[in-house]
Every structure is written in structure tokens, then in C-alpha cells.
1. Has region A:92-111 got at least one residue that is within 14 Å of chain B (Cβ to nearest Cβ) and in a loop (DSSP other than H, G, I, E, B)?
2. State yes or no: is A:A126 more than 12 Å from chain B (Cβ to nearest Cβ) and in contact with a His (Cβ under 9 Å, 6 or more places away or on another chain)?
3. Which of the residues belonging to region B:356-385 are at pLDDT below 90 and surrounded by 16 or more Cβ atoms within 10 Å (Cβ to Cβ)?
4. Of the numbered conditions (1) over 25 Å from B:L120 (Cβ atoms); (2) without any contact (Cβ under 8 Å) to a residue 60 or more places away in the chain; (3) crowded, with 16+ Cβ neighbours inside 10 Å; (4) not hydroxyl-bearing (S, T, Y), B:R20 fails exactly one; give the number of that condition.
5. Being modelled with pLDDT of 90 or more and assigned to a loop (DSSP other than H, G, I, E, B): is that true of B:P323 here?
6. For the condition surrounded by fewer than 19 Cβ atoms within 10 Å (Cβ to Cβ), at pLDDT 85 or above and among the small types (G, A, S), what is the one hit in A:G413, A:G359, A:G367, A:G379?
7. Among (1) hydrophobic (A, V, I, L, M, F, W, C); (2) within 14 Å of chain B (Cβ to nearest Cβ); (3) within 14 Å of the chain's Cα centre (by Cα), there is one condition A:I193 misses while meeting the rest; what is its number?
8. If a residue must be farther than 16 Å from B:G351 by Cβ, without any contact (Cβ under 8 Å) to a residue 12 or more places away in the chain and outside any helix (DSSP H, G or I), how many such residues does region B:171-224 contain?
Amino acid sequence: MNDLSVRRFYGWFTALGLLVGVLVVVGYYRDEYREWKEYQRKFIQEEIRRASTPQQRALAESTPVQIRQILLTDLNRVDRCTTCHLAVEDPSYGGYPQPLAYHPLHEQHPFERFGCTICHRGQGRATTVADAHGNVPHWDQPMLPLQYIQASCGQCHEAADNPAAPELARGQQVFEDSGCRGCHKLNGVGGVIGPELDKVGARRSPEWLKKHFLAPASVTPGSAMPPQIFSETNLEAIILFMLSQTGESAPGYYASMRVIPSASEGQRLFQQKGCIGCHSIGDQGGKVGPALDDVGLRRPPEWMMQHFRDPQTVSPGTVMPRFGFTETEARALTDFLVHLRDQKVALSLPSLMSPVERGREVFRKYGCAGCHGADAKGGVPNPNAKTAEQVPGLIYVADGYTKDELKKRILNGQREITALDPKRPPPPLFMAAWAGIIKDSELDDLVAYLFSLKPKEENPGF
Amino acid sequence: MNAPLPKRIWQWFTRTRVGRSIFRVGLPESNLERSQAMVSSFLLHVQPAKVNRHSLRASYSLGLGLISLYLFLILIVTGVLLMFYYVPSTEKAYDIMKDLQYVVSAGLVIRNMHRWAAHLMVLFVLLHLCRVFYTGAYKRPREFNWVIGVGLFLLTLGLSFTGYLLPWDQLAFWAITVGTNIAGYAPVIGLKLKYLLLGENVVGQEALTRFYALHVIVLPAVALLMVAVHLWRVRKDGGLSRPDEPGDIVQQVELKQLPTNKSYGLMELARGTTPQVGQNPEDEVFSWPHLVFRELLLFLLVTAVVLFLAIFWNAPLEELANPIHPPNPAKAPWYFLGLQELVSYSAFWGGVVVPGLLVTALMLLPYMDRQRKGVGRWFARERAVANTIFTVCLVTAIVLTIIGTLFRGPNWGWVVPWEQPPTITEGH
């Protein structure tokens with residue numbers, strides 16, 4: 001073996017050296033070619049085409065091709081969507097096809113504070129179309145279909161307060177009316193048979209939710225939940241409401257923006273602050289201060305705003321204390337009073353209602369209708385339950401129970417439901433124990449309501 | 001002169017003042033210079049000036065140890081590059097993985113290289129271990145180098161395992177959860193050991209900090225030191241094993257035998273096997289160029305393979321780690337899946353006794369199997385018993401790993417990889 005014997009490797013050496021070189025070049029180009037650069041170049045070309053003066057043209061031509069991103073430290077997000085969607089803030093791009101379309105209606109949610117993904121979801125850090133839009137493996141937050149976009153409003157804002165999100169408000173209405181809380185807990189209120197829904201919107205897709213409502217067992221084998229019957233509109237609305245429950249909690253600046261001054265927020269404040277102690281609406285309430293039914297006729301909104309800020313400045317000598325309302329709260333209360341003037345709505349303040357009326361609200365609040373049917377008339381299927389394979393209605397409870405027995409029954413529940421046929425699977429639905437969830441006063445009202453359900457004309461003694 | 005241009009440039013450079021100050025010996029032209037080139041270079045001097053022909057035969061060593069070393073070097077270089085970006089924080093680590101992919105120049109390729117080189121290193125260290133076994137190369141005088149080698153194999157697993165957690169995705173989180181649970185099955189010290197590794201009872205920020213420190217400084221430093229010792233011992237134990245080497249270490253020079261009326265040079269006092277022992281000049285060739293050239297070629301090949309894998313296949317990255325949503329099944333890294341499969345039968349026997357015995361047996365092997373026949377040949381007939389026992393263990397480990405990797409589905413139930421497993425939607 002001499003020096004020459006290694007010459008037979010020269011070919012290999014050259015080939016492998018070239019191969020490494022080629023691979024480095026290929027790797028470099030694959031790394032250097034990024035699809036967002038193509039979109040940026042198209043945008044720059046469009047800017048050049050639209051330039052009308054040499055200065056504009058020079059500006060357009062000097063636009064660098066680079067990653068654009070919105071850093072949202074408080075939200076722990078980095079949104080690079082504007083790397084491709086370059087014209088979101090430029091109204092002159094209205095009507096352009098994506099990715100260059102203008103984004104209307106962002107005045108209240110400026111991009112530099114909110115970014116994009118907090119509402120639209122998707123993967124903000126990604127810089128390819130597929131990955132950024134998020135319909136890729138191992139990313140569980142794909143972009144929210146536009147038809148459900150109002151769900152994002154509900155992450156921060158009360159559904160009912162948001163005039164811009166009527167579908168969200170409808171979804172919440174459907175949720176409460178359908179008695180979902182009978183089994184599911186949401187924001188701390190509800191039953192324990194089904195899972196909590198606090199973060200369901202972040203975990204579940206619209207498709208999954210749709211299947212879940214129409215045929216629960218098809219997505220959750222063995223689910224006790226009866227299939228739900230919704231109109232198409234209500235189905236979409238409740239899906240949207242579910243999608244809004246993401247558990248996203250935005251701190252600081254964002255938290256301060258949550259409350260939308262609205263009539264319903266004003267009504268909540270009105271109840272919470274005890275205004276009814278001095279003022280009356282519809283002849284109900286205190287007589288110390290003036291009645292408020294028609295205050296909207298007598299005073300302009302500006303006067304009312306000032307009144308909430310500091311009563312003495314507009315009504316010298318008034319006994320009304322200064323409550324220290326925030327501007328948002330003052331705006332909400334004013335809206336409420338204006339709303340009273342326009343709508344002439346009768347207030348339903350719990351302190352002014354009868355126990356039976358309050359009990360009906362309790363029945364609704366805890367979603368009893370989800371199992372016991374609307375107005376407690378029954379009819380919800382519970383396969384293999386001895387009670388005609390249904391959850392029993394409650395209109396005759398006054399015949400079978402004393403008030404104390406009924407209370408005990410509600411508090412303790414009944415885990416084992418007697419089966420019609422012991423060989424078949426046991427009935428999926430059961431009576432949950434409400435002890436620790438329902439308040440004592442609510443329980444009193446609920447029992448009063450349930451006792452009031454017995455039809456009057458029938459003879460109790462037969 | 002007809003030499004190719006790069007060679008002429010090189011020759012010119014090594015003759016300049018600067019070139020000579022760096023390289024001392026230029027491109028060797030004579031046998032003397034070939035020796036000097038090896039001895040005067042820091043990087044080359046760990047190797048002898050002349051090397052036995054047998055050691056150069058690719059069919060004998062398969063270059064497996066060298067490939068492992070190259071992979072280790074690639075891992076160090078790419079690892080340092082990754083460290084420029086990485087922050088061992090549960091809040092940030094996953095986002096940084098995404099940034100590497102989407103905005104860092106070559107970030108994805110570097111991460112891919114690191115990942116694939118890490119997997120390959122586990123594989124090639126194991127193959128190297130098998131080669132040394134099947135050629136009986138662990139026998140006297142190389143017993144202790146085998147023990148160091150087994151230690152390096154365990155270190156490689158440790159390096160790979162600690163690195164597995166760092167992306168902080170579901171794959172990382174649950175693999176480490178499963179892996180450290182296996183450690184917890186050890187009697188008496190198991191739970192303490194698990195706690196020591198994790199810094200708390202579950203995988204969290206404490207675990208990430210510890211795994212990071214182990215991964216980027218503790219284990220690499222120890223591994224680097226042990227690699228140095230390993231290579232040093234290869235040289236000191238007489239180079240690669242071969243069939244015709246002398247049967248025993250040359251007798252040591254006893255100090256008292258030496259006349260006392262003169263002073264001694266270091267070489268006269270050095271004891272034990274030296275590179276020259278048992279070497280017949282006829283069987284020797286100069287390391288430069290025969291050994292160096294082959295090593296360079298292999299380095300190019302390893303680099304090309306790792307680059308190729310890294311360019312065309314991305315390292316996995318699943319969802320952000322979520323401690324309340326375990327995947328079903330949660331699997332350890334592939335090289336521990338045989339262990340996980342064993343654990344599924346019995347946590348104590350599979351997770352503690354069997355692997356403990358295996359490692360102990362591997363460590364003690366050269367001291368138990370002391371017969372010197374069949375060294376330096378693959379599958380020597382004289383070693384049939386040892387080879388059979390080893391092969392049975394190896395095949396069992398491979399079969400268990402394959403079962404754990406491909407044939408285990410939800411709840412560690414049996415699945416067939418080419419059939420779609422039943423869709424499991426976790427009950428809410």
C-alpha cells in the first residue's frame with residue numbers, strides 16, 4: 001500500500017464533497033425561499049403600480065421584504081399575519097382579494113393592541129399559509145370560520161351587552177333556555193353530570209359541536225346526553241356560543257375594556273348597586289328619590305352622565321351620594337335609563353318578585369329544563385328508565401312530596417335510577433345532587449315554583 | 001509540476017512563514033514528513049504515525065465508532081447553534097421551536113440535523129457496541145475500554161433522553177413522564193431518583209431546568225472526557241483489535257531491574273502495551289494518507305447523510321405540552337420502548353431487574369469472558385456460545401422495541417400498524 005493506493009478514493013472524495021456542497025446549497029435555497037416573500041413582492045408591485053408621484057414610487061420600491069409581526073406581550077402572542085396580509089389597515093385596499101384585503105371595523109380593536117389571532121385564531125407565529133391558518137396536524141387552534149367570528153366577541157364581552165354580536169346573544173339565550181346547565185357547569189353555575197364547559201370553545205371544533213348536539217353518542221361513545229332538537233338558526237347560534245367559551249383571560253388593558261356600556265349592563269349595575277332602594281320603576285321601589293320610568297324624557301343623556309359622575313354638580317343639595325362610577329358604568333346606567341324611556345320595559349328585579357316567579361328563574365338558571373323538560377313537563381328520553389324511559393316531569397311533585405322532602409331530594413339527588421329492564425344498560429341520566437351548588441334561598445323559591453305547577457282544576461284527593 | 005491547483009496552493013501556503021508556523025510540516029512528501037505530520041498536529045497526534053493494514057479494513061470495523069464520534073461532533077455544533085436561541089422555560093421553549101421553524105434562518109434545518117443526528121448516534125453507538133462484541137474486541141487488554149464504551153452508550157441514551165424534553169411539546173412531555181416513571185419503579189431509591197431528576201413530582205419547569213443543564217453541560221462534558229479517554233485507550237491498548245496481535249501485554253519493566261547508576265528518559269520508564277508492540281513493519285502503512293483520508297471520506301459521508309435527512313424530513317413537533325391531556329398511548333422515546341414494553345408486563349422486573357442485570361452483565365463481560373480465542377474476527381466459531389447469548393438478548397431487545405413502537409396502541413393494547421386503530425375520542 002503506497003500513496004497511490006488512496007487515489008482510488010479521489011473519485012469518492014470528489015463525489016461526496018460535491019454532494020455535501022449540493023446539499024448545503026439545496027438546504028440554503030429551501031430555507032431562503034419562503035412563500036411569504038412572494039406575497040410581499042406582489043404587494044410591493046401593487047404599491048408601485050398604484051404610485052402616482054415619483055416620491056410614492058420611490059417609497060414603494062424601497063419597501064423591504066421582511067417579516068412583519070405584532071408583538072402582544074400581555075396576550076403572550078406574536079402575530080405574523082401581517083407578513084402576508086399587508087394591507088389590513090389601508091382602506092384603499094377594500095374589496096381586494098386575499099391576502100391583500102383591507103380589514104374593516106378595527107377602530108375599537110386596533111391591530112397593534114389586539115393583533116389578529118385573539119379573534120381569528122390560527123397560528124400567529126407561523127409564516128406559511130397552511131400553518132398560519134392552522135388546519136394542520138398538531139395545532140388545535142385552526143382559524144375560526146367567519147360565520148362563527150362573533151364567538152370571539154364572547155371571549156371578553158358579555159354576550160347580551162354586545163350589539164355587534166346578535167348571534168352570540170341568541171346562542172346564550174338558547175343555552176339558558178335549553179337547560180344545558182342542568183348537567184354542565186359554565187362559569188361556576190350548573191350541574192355535574194356532564195363535563196364543565198369553561199374552555200370548551202378552545203377544545204372543540206364547530207364540526208364536533210354540531211355532531212355533539214345532534215347525536216352526542218357519535219362523538220362521545222356512551223354519552224348520557226339526549227340528542228338535542230334545535231332549529232338550524234338556534235343550532236348555529238349555540239355552536240357559536242360554545243365556541244366563545246375559551247377561558248381566554250386577557251389582563252390589564254384588555255380587562256379594563258371588557259365592559260361594553262349597554263342597557264343590559266346598566267340594568268345589572270342598577271340591581272347590584274341597590275338603586276331601587278330609593279328610586280322606583282313601574283311603581284316598584286323606594287320613594288326617596290324620583291321615579292325613573294320617564295327620567296329619559298325629562299333629562300338629556302349628558303345630564304344623566306354628569307349626575308352619575310357627581311350628583312351635586314347638576315342637582316345641588318340632592319341627598320344622592322356620589323357612587324364613584326367609572327365612565328363606562330355611568331355610560332351603561334345612562335343607556336339603561338334611555339332604554340327604559342324608549343322600551344317601557346317592566347323590570348324584573350328579584351327583590352320585587354314573588355317566590356314562585358323567582359323559583360321559575362332558579363329553574364331556568366340551573367338548567368332543570370334540560371332533563372325535566374320545558375316548564376317541568378317532562379318528555380326528555382332516558383333509555384331504560386322505569387319511568388316510561390323518560391325523565392319524569394315535575395308538575396305533580398306537590399302530591400308526592402312535602403316541601404322538606406322535595407328539598408332533600410334536590411340536595412341529595414339520586415345516582416341510581418331504577419331500570420325498566422335490568423339486563424339492559426342502566427339509564428344514562430340521573431338526578432344530580434345540588435347540595436353546595438344551589439343557595440338556600442334559591443332552593444326555597446324553586447320548591448315554591450315546583451309546588452305551584454300542579455294544575456289547579458284537578459282534585460288532589462283522588 | 002503537475003499537481004492539481006488546490007494542492008499547489010496548499011504547498012505554497014505551508015511554505016510561507018505563516019503557514020509553517022501553523023502546520024510545521026507541509027503536505028508530506030517523504031515517510032519522515034508523514035510521521036512528522038501525524039505527530040506535530042494536535043488533531044492527528046492521538047493516532048499513530050503508522051497503522052496496521054487490518055485496522056483500515058472497512059469490513060472489519062465498519063467505521064461505526066468513528067461515525068458515532070462524527071455524529072457527536074455534529075450534535076455539539078448544531079447544539080451550540082440551537083443554544084443561541086433556546087430558553088429552558090416552559091413559557092417560552094415551545095414558542096422558540098416555532099420561531100426556529102418560521103423566522104430563524106436555517107433554524108429548522110439545524111434543529112432537524114440535531115434531532116436526526118441524535119437518533120442516529122443512539123443507533124450507531126449501539127451498532128458499535130455490537131461490532132466490538134461480535135469481534136471479541138473487548139478482551140484483554142481492552143477490558144476497561146469496553147467498560148468505558150458501555151458508559152458512553154448509557155451517556156448517549158442520557159443525552160438523547162434529556163434533549164427529548166426540551167421542545168416542550170406533547171411528545172416531549174409525555175415521553176419524559178413515561179421515562180421518568182420507569183425510573184421510579186426502582187426499589188427504595190426509585191422515587192427519590194425520579195424526584196432528583198424532575199425536581200418535583202411531575203414534569204414541569206424544575207424538570208426542564210434540570211434536563212437542560214444535564215443536556216447542554218453536564219452530560220456533554222462527561223461524554224467528551226470519556227470519548228477522549230476511550231480514544232486514548234484505543235491507542236494505548238494497541239490500536240484496533242486484530243487476529244494476529246500478541247496474546248498478552250508486554251511484561252512491565254520493573255523499576256528494581258533497572259540499573260541505578262544512570263538517569264532514565266520517560267520512554268524507558270513507560271510501561272504496558274505501546275503502539276509498537278507486536279507490530280510487523282510489513283503490515284504497517286503510514287497513517288498519512290491512508291488513515292486520514294479514509295476518516296475524512298467517512299466524515300463527508302456522515303455529514304451528507306445527516307444534511308440529507310435534515311433537509312427533507314422535519315423533526316417532530318406536536319402540540320404545546322399539556323399536563324392534563326395525555327395522549328393515548330403515551331410513549332417513551334423509541335430507544336426506551338422495549339423497556340416500556342417490558343414494564344407493561346411487570347414494572348419491577350421489566351423496569352428494574354432486567355435492564356439492571358443487562359447493564360451489569362455488559363459492564364462485567366470482559367472480566368467474565370476471559371478466553372482469548374477468536375479475537376479480531378467477526379462471529380468467530382470459538383465464540384459461538386457468547387455470540388449466541390448476545391444475539392438472543394439483542395434480538396429480544398429489538399423485537400420488544402419494534403412491538404412497543406409499532407404494535408402498541410391506546411391503553412398499550414395490541415394494534416397492527418397497517419390497520420387504522422379504532423378512533424378514540426377521550427370522554428370529555
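The values are calculated or read from the model by the stated rules, or taken from the named source; none is laboratory data. Being a predicted model, the structure only gives us computed values, none of them experimental. Note that each Cβ is placed from the backbone with ideal geometry, even for glycine, and that neighbours are counted across all protein chains shown.
1. Checking region A:92-111: not a single residue is within 14 Å of chain B (Cβ to nearest Cβ) and in a loop (DSSP other than H, G, I, E, B).
2. For A:A126, the condition - more than 12 Å from chain B (Cβ to nearest Cβ) and in contact with a His (Cβ under 9 Å, 6 or more places away or on another chain) - is not met.
3. B:D369, B:G374, B:V375, B:G376, B:R377, B:A380, B:R383 - these are the residues of region B:356-385 that are at pLDDT below 90 and surrounded by 16 or more Cβ atoms within 10 Å (Cβ to Cβ).
4. (3)
5. Yes, satisfied.
6. Within the list A:G413, A:G359, A:G367, A:G379, the selection yields A:G413.
7. (3)
8. Result for region B:171-224: 3.
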